[in-house]
Amino acid sequence: MDPAVPVITARLSEAELAKWLPIRFDAIDDPLQAPEPSLGALAQLDAGGYVVLTYGKDSGQLIVEFPVNTRNRTALLAQFFREVPLPLSRILWHQKGTRLPQGKTEDSAVVAKGQNGKSIVQRVKRSALRAQAPTKRK
Amino acid sequence: MAESNRPARFGPFHRRTHMDPSENEKVASSGHVWGRQRRNIFAGYRPAVKAWAGPLPEEIVGYEFFTDVAPDPGQAPDWPQWSEGRSGVIVLEPGELVAILLS
């Protein structure tokens, strides 16, 4: 099984995640598995490609990863955007060498298929460590 | 050349630990940050330490750290990680658990 590499990151709310990616996500609550409480899913596009989706619940950031051996990441990314109505305006970063879809206006992505549709299924010298504990409530 | 006040080559990074605030103390006492394989999705093929780039935001429970271990290349800029097999990454349980040393 191939490892995955990040291709894009985007900022969106959890409600938007549920609306635009209506698939089942698993909670990742083990702190050793993610840098913050997260939702994760492995999804298959209609075209057959697989994507790994990880959403940080604190940061509101989605990271989309493709298998490292994907031959044409730009093509798979285009397919992803055909099936997921994520506006390009939400993209924070994309992998160098991978092109975002052309001709797609920022907020005019294709309409997502619903859960019944066929689309994607499932300081001085600073200390090296500074910690903040939870606020104690009186 | 100006003297740097950075405690290590890479950082700051941070992790948000309100799921398990005891991690702060464990990291402070051990000087290591740990990471495990993500089990539910295949992106976790190799175990890795995961963090956020940048300083720990105010009001967020967690910790900020620096390290001399270089993050994996090719990662998203805000999502550094240190995977098993990379130079400087300590393998505690092969295929399961790794750590990096803080500086």
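Number of residues in segment A:60-78 that are surrounded by 19 or more Cβ atoms within 10 Å (Cβ to Cβ) and either small (Gly, Ala, Ser) or not in a strand (DSSP E or B) (or both): the value is 4.
The residue that is nearest to B:ARG15 (Cα to Cα), counting only those in segment B:67-92 that are of a type in the set (S, T, N, Q) and part of a strand (DSSP E or B), is B:GLN81. For segment B:9-23, the candidate set comprises residues that are at pLDDT 90 or above and hydrophobic (A, V, I, L, M, F, W, C); within that set, the residue that is nearest to B:GLY62 (Cα to Cα) is B:PHE13.
Each row is one residue, and each column tells you yes or no for (1) under 14 Å from the mean Cα position of the chain (by Cα); (2) among the polar types (S, T, N, Q); (3) crowded, with 20+ Cβ neighbours inside 10 Å.
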| site | (1), (2), (3) |
| --- | --- |
| A:LEU17 | yes, no, yes |
| A:PRO22 | yes, no, no |
| A:ASP26 | yes, no, no |
| A:ASP29 | no, no, no |
| A:ALA34 | yes, no, yes |
| A:SER38 | yes, yes, yes |
| A:GLN44 | yes, yes, no |
| A:GLY48 | no, no, no |
| A:LEU53 | yes, no, yes |
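Against the definition (under 23 Å from B:GLY95 (Cα atoms) and either among the β-branched types (Val, Ile, Thr) or at pLDDT 90 or above (or both)), how does B:ALA28 come out, yes or no? It is false that B:ALA28 is under 23 Å from B:GLY95 (Cα atoms) and either among the β-branched types (Val, Ile, Thr) or at pLDDT 90 or above (or both). Of a type in the set (Asp, Glu), more than 9 Å from chain A (Cβ to nearest Cβ) and either surrounded by fewer than 16 Cβ atoms within 10 Å (Cβ to Cβ) or touching a strand residue (DSSP E or B) at 6+ places or on another chain (Cβ under 9 Å) (or both): does that describe B:ASP68? For B:ASP68, the condition - of a type in the set (Asp, Glu), more than 9 Å from chain A (Cβ to nearest Cβ) and either surrounded by fewer than 16 Cβ atoms within 10 Å (Cβ to Cβ) or touching a strand residue (DSSP E or B) at 6+ places or on another chain (Cβ under 9 Å) (or both) - is met. Filtering segment A:25-59 to residues that are facing chain B (nearest Cβ under 9 Å), among the acidic types (Asp, Glu) and part of a loop (DSSP other than H, G, I, E, B) leaves A:ASP29, A:ASP30, A:GLU36, A:ASP58. For the residues A:GLU36, A:GLU16, A:GLU65, the requirement of being under 15 Å from B:TRP79 (Cβ atoms), at pLDDT 90 or above and acidic (Asp, Glu) singles out A:GLU65. Just one of (1) touching a strand residue (DSSP E or B) at 6+ places or on another chain (Cβ under 6 Å); (2) more than 7 Å from chain A (Cβ to nearest Cβ); (3) under 19 Å from A:ASP30 (Cβ atoms) fails for B:TRP52. It is (2).
How many residues does segment B:5-36 contain that are at positive phi and at the interface with chain A (Cβ under 7 Å from one of its Cβ atoms)?
Going through segment B:5-36 one residue at a time, the tally reaches 0.
Being at pLDDT 80 or above, over 21 Å from B:GLY74 (Cβ atoms) and surrounded by 14 or more Cβ atoms within 10 Å (Cβ to Cβ) is the filter here; which residues of segment A:80-120 pass it? Result: A:PHE81, A:ARG82, A:GLU83, A:VAL84, A:PRO85, A:LEU86, A:PRO87, A:LEU88, A:ARG90, A:PRO101.
The values are calculated or read from the model by the stated rules, or taken from the named source; none is laboratory data. What you see is a predicted model; the values in this text were computed from it and never measured. Counting neighbours? That spans all protein chains shown, and the Cβs are built from the backbone with ideal geometry, glycine included.
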